[in-house]
Each structure stands twice: as structure tokens, then as C-alpha cells.
Amino acid sequence: MLVLGIETSCDDTGVALCDRDRGLRGHALFSQLGHAAFGGVVPELASRDHIQKLLPLIDSLLHECGVDLSHLDGIAYTAGPGLAGALLVGAALARSLAFALDIPALGIHHLEGHLLAPRLEADPPDFPFLALLVSGGHTLLADVQGLGAYTILGESRDDAAGEAFDKSAQVLGLGYPGGPAISAAARHGSDTGLRLPRPLTDRPGLEFSFSGLKTALVLAAREHPLDEQRRADLAFALQDAIVDTLALKCRRALAATGHQRLVIAGGVGANQHLRERLTADARELGIRLYYPRPAFCTDNGAMIAYAGCLRLAAGQKDTGTFGVRPRWPLNELSPP
Ligand code: KG4
Ligand code: ZN
């Protein structure tokens with residue numbers, strides 16, 4: 001079974017081909033850069049870019065893989081959560097192409113894609129596992145029992161970890177997206193004794209809250225002139241606070257569930273400092289840590305093609321009604 005995957009939930013146009021027996025055949029991504037000037041994603045611009053980029057990207061992927069449209073057995077697309085207009089571009093193309101080719105189409109949950117992405121790598125994690133999903137829109141810990149069997153153990157009450165990186169980078173004038181910018185600046189920074197809050201770590205539970213962190217950073221930034229070294233030191237303190245908070249909650253969740261496998265997924269999972277910290281923690285706790293390559297942490301078509309391949313191979317397909325789900329709770333999913 002050969003499946004084309006299409007991801008258009010935000011500002012990345014991603015496509016990929018996944019074969020049930022041979023695995024990932026190829027993938028391609030176009031990252032929209034025009035949003036940087038606005039300090040965040042502009043939904044209307046994102047939709048327009050997807051419209052322009054999606055078909056040429058699919059064409060070149062098929063060409064590169066030596067695959068003809070007639071070889072496809074199904075098309076998977078991100079149906080939510082995400083920006084409504086952006087999702088509609090991918091959904092409309094996927095559904096109409098599938099209709100024309102007389103093959104099934106299937107809407108995939110974006111976060112399911114992220115959760116399964118580490119399974120695209122060599123030596124993939126078996127089920128069950130604990131997943132830390134940290135992206136620009138979500139921060140959550142999930143007990144992953146199998147395909148479609150997810151229990152959310154804790155999530156953010158307000159901003160996601162990636163959002164804290166993005167908003168803080170804007171405060172420091174470091175550009176968008178903020179995660180890679182903060183992480184690059186932090187390499188030139190050092191521990192100046194400034195300790196930003198580790199939200200909700202002083203009480204039991206697995207919930208997160210990152211909105212106050214940006215305010216704490218704004219207040220700290222006012223204390224001294226914001227030269228390059230000060231920016232780097234503040235970036236260091238911010239990254240340290242976020243990573244420390246995430247790592248502490250992972251430890252708690254591992255203790256509560258007894259899981260022996262921890263998976264990091266989502267854009268913030270590309271953060272080197274987070275990976276190093278969790279690698280050290282995993283070694284100490286005697287558990288195994290898994291994470292996808294950085295390109296499969298951030299949004300990509302491969303994770304959607306993979307999730308679609310598993311579900312379509314199990315016989316699942318879209319119902320007759322056409323639509324997307326900009327808000328779609330992960331725990332509404334079920335196995336195929
Ligand atoms: O998963 P993703 O590509 O999109 C969503 O589904 O949200 O995640 C994007 C988020 C952004 O907030 C971005 O700043 C963050 O991931 N990010 C990082 C890094 N690379 C991307 N955060 C920290 N360190 C990074 N290296
Ligand atoms: Zn994402």
C-alpha cells in the first residue's frame with residue numbers, strides 16, 4: 001500500500017510517500033519564510049502559500065521517487081488541529097485528488113502524526129510509551145498504548161512551550177521562529193544567576209503553564225540595557241527554565257506510569273539542550289529515550305503519510321462529509 005501524505009496545518013507545506021512494507025519512500029517540505037516579518041504566522045498568507053506550493057511539491061516528490069499518480073493506493077492529509085484556511089487547502093486537494101483517482105482519502109490528527117514520527121527512524125520505539133509532545137501549539141504528556149490509544153496525562157493550561165520560545169524571542173528581538181533563535185543565542189550566553197520560574201513544578205501534577213514565563217522575561221529584560229551579551233544570557237536563562245520544567249514533568253510522569261520508553265515529539269523536540277538533558281536523565285533512570293531527526297520533530301509530511309498508511313492499511317477511510325477540525329482534542333481519537 002502506497003500512501004501520499006499532505007501536511008498544511010500551519011506554515012509548512014509538507015508532502016511524503018509512505019509504503020506499508022518499504023517504509024518512507026521520500027518527503028519534501030517548503031517552509032514559508034514570509035511570516036518572519038510579522039513576528040508570527042499570518043493565517044491568510046499561510047493559506048495562499050499552501051495553494052501555490054502544494055501541487056508543484058507533490059509533482060516533484062512523485063518524480064523524484066519514480067512514482068506515478070496511478071501507483072497511489074490512498075491519500076492522507078492533516079484534518080486538524082491547525083489553521084482552518086491552511087487545513088482546508090490540504091484537505092480539498094487530498095479529497096479531490098483521491099476522488100479523481102478513485103482511491104480512499106483519510107484526515108489525520110496532526111498530533112497523532114507527531115506522536116508517531118519517532119517510529120519513522122531506525123530502531124523505533126515499540127508501544128506502549130510515554131510521549132512528551134512539545135510544539136508551537138501544544139505541550140502535553142501522553143500515555144501512548146498503541147495507534148489511536150492515547151491518554152493525556154497533563155497539558156498546558158495556557159501557552160505551549162514553543163509559544164514561550166516564540167514570544168520571548170520577539171521580546172528579545174531575536175526573530176521568528178523563536179525556538180531555534182533562542183537556542184542559537186543561548187550558546188553565547190551563560191548562567192548569570194538569573195533564575196526564571198519553573199511554572200507548576202512546586203506542586204504535584206503533570207500540567208504545564210508557560211504564559212507567565214514571558215512576563216518574567218520581560219521584567220528581567222528591563223533590569224539592564226539589552227545588548228547582545230544580555231540577550232544571550234536571557235536566552236540562556238529562558239531555555240534553561242523551559243527545559244528544566246519539561247524534564248522534571250517527564251520524570252514525574254515516568255514514575256507515575258512506570259513506562260520504560262520516553263518519546264520526544266514536536267518542534268521543541270529539536271532543541272539540543274532538551275535532548276541532552278533528557279538523554280542524561282534517561283541514562284540515570286535506566287529507561288530508553290527516542291526522538292525523531294530534527295526535520296521530523298517540526299511539521300512535516302512524513303509523519304502524516306506514516307499515520308495515514310497505518311490507518312488506511314487497517315481499512316479506515318473518510319466519511320462522505322467534507323470538513324476540517326481546527327480544534328480537535330487528541331483523546332477523541334480511537335484505534336482504526
Ligand atoms: O511542531 P511544530 O513545527 O509546529 C506546531 O505544530 O506547532 O513546532 C513549532 C515550534 C515553534 O514554536 C518553534 O519555535 C519550536 O517549535 N522550535 C524549537 C526549535 N525548533 C523549533 N524550539 C526550541 N528549540 C528548537 N531548536
Ligand atoms: Zn506540529
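The values are calculated or read from the model by the stated rules, or taken from the named source; none is laboratory data. Predicted model only: the values in this text are computed from it and were never measured. Note that each Cβ is placed from the backbone with ideal geometry, even for glycine, and that neighbours are counted across all protein chains shown.
Evaluating Asp19 against the criteria (1) closer than 23 Å to Lys317 by Cα; (2) in contact with a helix residue (DSSP H, G or I) (Cβ under 7 Å, 6 or more places away or on another chain) leaves one unmet condition, (2).
For region 313-322, the criterion of a residue being away from ligand 1 (no atom under 16 Å from the Cβ) and more than 20 Å from Gly74 (Cβ to Cβ) is satisfied by no position.
For the structure I just gave you, tell me whether Ala36 is in contact with a Cys (Cβ under 7 Å, 6 or more places away or on another chain) and assigned to a helix (DSSP H, G or I).
When the stated conditions are applied, Ala36 does not pass them.
If you check Arg293, Arg231, Arg311 for being of a type in the set (D, E, K, R), at pLDDT 95 or above and in contact with a helix residue (DSSP H, G or I) (Cβ under 7 Å, 6 or more places away or on another chain), only one passes: Arg231. Could you please find all residues in region 160-186 being more than 10 Å from ligand 1 (Cβ to nearest atom) and assigned to a loop (DSSP other than H, G, I, E, B)? Once the filter is applied, which keeps residues that are more than 10 Å from ligand 1 (Cβ to nearest atom) and assigned to a loop (DSSP other than H, G, I, E, B), region 160-186 yields Leu172, Gly173, Leu174, Gly175.
For Gly82, the test of being in a loop (DSSP other than H, G, I, E, B), within 12 Å of ligand 2 (Cβ to nearest atom) and not assigned by TED's automatic domain parsing to the domain that holds Val42 is failed.
Here region 20-41 is the region considered, the condition is being buried (at least 17 other Cβ atoms within 10 Å of the Cβ) and away from ligand 1 (no atom under 15 Å from the Cβ), and the residue that is nearest to Asp59 (Cα to Cα) is Ala28. When Ser96, Ser156 are checked against the criterion of being of a type outside the set (Lys, Arg) and more than 19 Å from the chain's Cα centre (by Cα), Ser96 stands alone in meeting it.
Number of residues in region 88-119 that are within 25 Å of His138 (Cβ to Cβ) and either within 12 Å of ligand 2 (Cβ to nearest atom) or in contact with a strand residue (DSSP E or B) (Cβ under 6 Å, 6 or more places away or on another chain) (or both): the value is 16. Of everything in region 197-218, what is on the phi < 0 side of the Ramachandran plot and part of a loop (DSSP other than H, G, I, E, B)? Give them in sequence order. Passing the criteria: Pro197, Arg198, Pro199, Thr201, Asp202, Arg203, Pro204, Leu206, Glu207, Ser209, Phe210. Residue under question is Gly301, and the condition is that it be assigned by TED's automatic domain parsing to the domain that holds Leu17 and small (Gly, Ala, Ser); does it hold? Yes. Scanning region 96-112 for residues that are more than 16 Å from ligand 1 (Cβ to nearest atom), assigned to a helix (DSSP H, G or I) and surrounded by 19 or more Cβ atoms within 10 Å (Cβ to Cβ) returns Leu97, Ala98.
With respect to Cys297, determine if the residue is farther than 20 Å from Gly146 by Cβ and either buried (at least 20 other Cβ atoms within 10 Å of the Cβ) or in contact with a Phe, Trp or Tyr (Cβ under 8 Å, 6 or more places away or on another chain) (or both). Yes; evaluated as a whole, the condition is true for this residue.
Just to be sure, is Asp143 part of a loop (DSSP other than H, G, I, E, B) and surrounded by fewer than 18 Cβ atoms within 10 Å (Cβ to Cβ)?
no
Quickly run through region 52-69 and pick out the residues that are hydrophobic (A, V, I, L, M, F, W, C), surrounded by fewer than 17 Cβ atoms within 10 Å (Cβ to Cβ) and over 22 Å from Met1 (Cβ atoms). Once the filter is applied, which keeps residues that are hydrophobic (A, V, I, L, M, F, W, C), surrounded by fewer than 17 Cβ atoms within 10 Å (Cβ to Cβ) and over 22 Å from Met1 (Cβ atoms), region 52-69 yields only Leu55. Can you tell me which residues in region 53-76 are among the aliphatic types (A, V, I, L, M) and assigned to a loop (DSSP other than H, G, I, E, B)? Within region 53-76, Val67, Leu72 qualify.
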